[in-house]
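The values are calculated or read from the model by the stated rules, or taken from the named source; none is laboratory data. If you're wondering where the values come from, they're calculated on a predicted model, not measured in any experiment. Cβ sites come from the backbone with ideal geometry, for glycine too, and all protein chains shown count toward neighbours.
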Amino acid sequence: MRERPRENQDDEELAALLRAGHPEAFAKLVERHSNRIYWLVRRMVGAEQAEDLTQDVFLRAYQALPRFRGECRFSTWLCRIARNRCLTEIAKRSRPCEPLPIERDTEDLECSLLPQAAPDLEQEIERQDLSRIVRACLDSLPERFRTLLTLHYLNGMRYEEIAGITDLPLGTVKAYIHRARLRLRELVLQETGIGAVTRP
């Protein structure tokens, strides 16, 4: 009797089951990744086409699955398909971009920007609503910096995943994120008036 998909199986196991003739495994993959792919597509091409292109991305992934060899994470491979599909669409006509979806709060990013604060400084930061300030400053960054910081800190993606999606060398991704964080720190400190902090 052939193994059937289980709830706790990872992406690569589900992909292997799909190749072995279990189409229900693909339904689990779609359920697991549809939200992330939708927002990635929407970010690149706009809301009007996002749903249709998301469906097309999963269709292309299903057709291309025999070529998936597990050399990267399935989610990275899927995001690359989505990115390439969107670039094809963008080449046809320009579409307005929307802000990247934020799947996590800004706590990790805030901690990377500011030093360990004294109690009175913490109260001042809280009074100024640091999360709102960080998001506003993030929105003011150049597109590439904003995108990389959002993917890494707010969407929780690893450097390797970001490199796979953006087709940037891993070292370049790390360098850009470092530079983007320094620039964001400058903007946040200017906005809050907290003052100079130690360099990361």
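At a glance:
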| item | result |
| --- | --- |
| Scope the range 66-75; condition surrounded by 18 or more Cβ atoms within 10 Å (Cβ to Cβ) and either of a type in the set (S, T, N, Q) or part of a helix (DSSP H, G or I) (or both); matching residues | F74, S75 |
| Hey, A25 surrounded by 13 or more Cβ atoms within 10 Å (Cβ to Cβ) and over 20 Å from the mean Cα position of the chain (by Cα) or not | yes |
| Single residue of L170, L114, L148 found to be at negative phi, modelled with pLDDT under 80, not assigned by TED's automatic domain parsing to the domain that holds T54 and not acidic (D, E) | L114 |
| Pick from the range 33-51, criterion more than 24 Å from L14 (Cα to Cα) and surrounded by fewer than 16 Cβ atoms within 10 Å (Cβ to Cβ), ranking: farthest from the chain's Cα centre (by Cα) | E48 |
